[in-house]
Amino acid sequence: MFSDELETFRRLGFRHFLLQILNFASVIASGLMLWKGLGLILNTESPIVVVLSGSMEPAFYRGDLLFLTNPPGQRYHTGDITVYRIPGAEIPIVHRVLETRDVFIPFDNSTENRIVNNRLAKLKLPPGEHQLMLTKGDNNHVDDIDLYRGLEWLDRRHIIGKVRGFLPYIGYVTIAMNDFPQLKYALLGGLGLLAVIQRE
């Protein structure tokens, strides 16, 4: 079945095989550098995400590709669509800001300040001013407090970014490869064979 491909490898030799591996590695490295460079410029760990659920319908549907930014000096407002990650959760969540609240964590330890600090103790906020957020999916009936793993509010450090644009349904390729790992391996194998055939 693969006798033609094996014969091609034998004919081209080991040096050509190494060249193919180096070309593939340079493509992967270029993609990673582009990803990390975009992340640095846009101040977000993930400048592009895929919507995985229907919780934001009709604004975004499963498979939509979202573009994010997270400017450090910019405040979030009610109605902004954010992507956030709770510590210990692997998958980020795309939901709309339902409410924001500004809090000041004082530097002293008076009785009033201990009450404020105890209420926000799970967030472990350092002294200073902080913006807290409560989110909700457009297609959900309740807010996201149950998703926060014991937290009452999100802090800025939980936010990956604000949605700035999207491409509909482009992310279905990613969803398909996660749902069907065999498809991922078939696609990579097919690309490898295509590269070898193209070199002939």
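The values are calculated or read from the model by the stated rules, or taken from the named source; none is laboratory data. None of the values given here were measured: they were computed from a predicted structure. Because the Cβ atoms are built from the backbone with ideal geometry, glycine has one as well, and the counts that use them run over all protein chains shown. Heads up: the accessible areas ignore ligands, DNA and RNA and are worked out on the full protein's heavy atoms, side chains in. Shrake-Rupley method; radii C 1.70, N 1.55, O 1.52, S 1.80 Å.
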Next on the checklist: Can you find a residue that is buried (at least 17 other Cβ atoms within 10 Å of the Cβ), among the small types (Gly, Ala, Ser) and modelled with pLDDT of 90 or more anywhere in the stretch 76-84?
Outcome noted: no
Next on the checklist: So, PHE17, is that one open to solvent by 30 Å² or more (accessible area, probe 1.4 Å), of a type in the set (A, V, I, L, M, F, W, C) and assigned to a strand (DSSP E or B) or not?
Outcome noted: no
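A quick yes/no check of all residues on (1) touching a residue at least 24 places away in the same chain (Cβ under 8 Å); (2) over 22 Å from MET177 (Cα atoms); (3) out of contact with any strand residue (DSSP E or B) (no Cβ under 9 Å at 6 or more places or on another chain):
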residue	(1), (2), (3)
PHE14	no, yes, yes
LEU19	no, yes, yes
LEU22	no, yes, yes
ALA25	no, no, yes
SER30	no, no, yes
SER46	yes, no, no
LEU52	yes, no, no
TYR61	yes, no, yes
Item to check | Top-ranked residue of the stretch 121-176 - restricted to ones that are open to solvent by less than 30 Å² (accessible area, probe 1.4 Å) and in a loop (DSSP other than H, G, I, E, B), ranked as modelled with the lowest pLDDT | outcome: LEU125
Next on the checklist: I'd like the residue in the stretch 22-51 that is assigned to a helix (DSSP H, G or I) and β-branched (Val, Ile, Thr) and, out of all such residues, is modelled with the highest pLDDT.
Outcome noted: ILE41
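Residue-by-condition table, conditions (1) surrounded by fewer than 20 Cβ atoms within 10 Å (Cβ to Cβ); (2) closer than 16 Å to ARG85 by Cβ; (3) of a type in the set (Val, Ile, Thr):
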{"residue": "SER30", "(1), (2), (3)": "yes, no, no"}
{"residue": "MET33", "(1), (2), (3)": "yes, no, no"}
{"residue": "LEU38", "(1), (2), (3)": "yes, no, no"}
{"residue": "ILE41", "(1), (2), (3)": "yes, no, yes"}
{"residue": "THR44", "(1), (2), (3)": "no, yes, yes"}
{"residue": "GLY54", "(1), (2), (3)": "yes, no, no"}
{"residue": "PRO58", "(1), (2), (3)": "yes, no, no"}
{"residue": "PHE67", "(1), (2), (3)": "yes, no, no"}
{"residue": "ASN70", "(1), (2), (3)": "no, yes, no"}
Item to check | Number of positions in the stretch 52-76 that are part of a loop (DSSP other than H, G, I, E, B) and closer than 14 Å to ILE159 by Cβ | outcome: 7
Next on the checklist: With the requirement that a residue be open to solvent by 30 Å² or more (accessible area, probe 1.4 Å) and either touching a Lys or Arg at 6+ places or on another chain (Cβ under 9 Å) or modelled with pLDDT of 95 or more (or both), what does the stretch 86-98 give you?
Outcome noted: PRO87, GLY88, ILE91, PRO92, ILE93, ARG96, LEU98
